[in-house]
């Protein structure tokens, strides 16, 4: 099934996607495991990310991690793209997802960034969430779901445990939150 809006994200046991000051040092190195990321990315035609997530990734040393994949950055501020495949988009969540859908050319859309994920989830725009729970409690940082205006019922469709205690949970939103 193509053309889905999907989330693939890691969070701490206490629900943070980054520590204070966008610290990601607590994420596992993988030790040769990619936790299903390559298979996920094989179905992705475009990445839609929030501005804060883009700035963190753009600050990583080395090559741009997304290669030639179109990356749309939801922002209302001017943006100097790190690579030619990055471009800013603005508007409602529906409008930025529509732009990502066009860029994805029939493939899935990977949505990344806490605020953007929450906004898309509340708008009923997310088809699947794959959340890798890392066995660490951070206590503070950037939350994944804090700030939702209403509850979001999710149906568990898959789970997988990896060595080291990482638990990967795949959910489908029911889009019936009250």
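Taking other C-beta atoms within 10 Å as the exposure proxy, 101, 118 rank 101, 118 from fewest upward. Put the Cα centre of the stretch 17-84 next to the Cα centre of the stretch 99-130 and the gap is 14 Å.
Using a 10 Å cut-off around each Cβ, can you sort 151, 37 from fewest to most neighbouring Cβ atoms?
Numbers: 151 9, 37 14.
The order, fewest Cβ neighbours first, is 151, 37.
Taking every DSSP beta bridge with both residues inside the chain, roughly what % is antiparallel (nearest 5)?
Details: 14 of 37 bridges.
Taking every DSSP beta bridge with both residues in the chain, the antiparallel ones total about 40 percent.
When a footprinting reagent is the concern and you count Cβ atoms within 10 Å, what order do 9, 97 take, fewest first? Please list the in-between numbers first.
Values: 9 17, 97 26.
Arranged by neighbour count, lowest to highest, 9, 97 become 9, 97.
Entry for the stretch 54-126 at q = 0.15, 0.20, 0.24, 0.26 Å⁻¹: log10 I(q)/I(0) = -0.51, -0.91, -1.27, -1.42, Debye formula applied to identical alpha-carbon scatterers, no solvent contribution. Binning the C-alpha pair distances of the chain at 10 Å intervals from 0 yields a P(r) profile of 9, 38, 41, 12, 0 %, listed from the shortest bin outward.
Determine the relative contact order of the chain: mean sequence separation of Cα pairs under 8 Å and six or more apart, normalised by residue count, in whole percent.
Working: 334 pairs, mean separation 59.2, N = 178.
Taking the mean separation of contacting Cα pairs over the length of the chain, I get 33 percent.
Coordinate-derived values only; no laboratory data. Remember, predicted model here, so these are calculated numbers, not experimental data. Please note: Cβ atoms are built from the backbone with ideal geometry, for glycine as well, and neighbour counts cover all protein chains shown.
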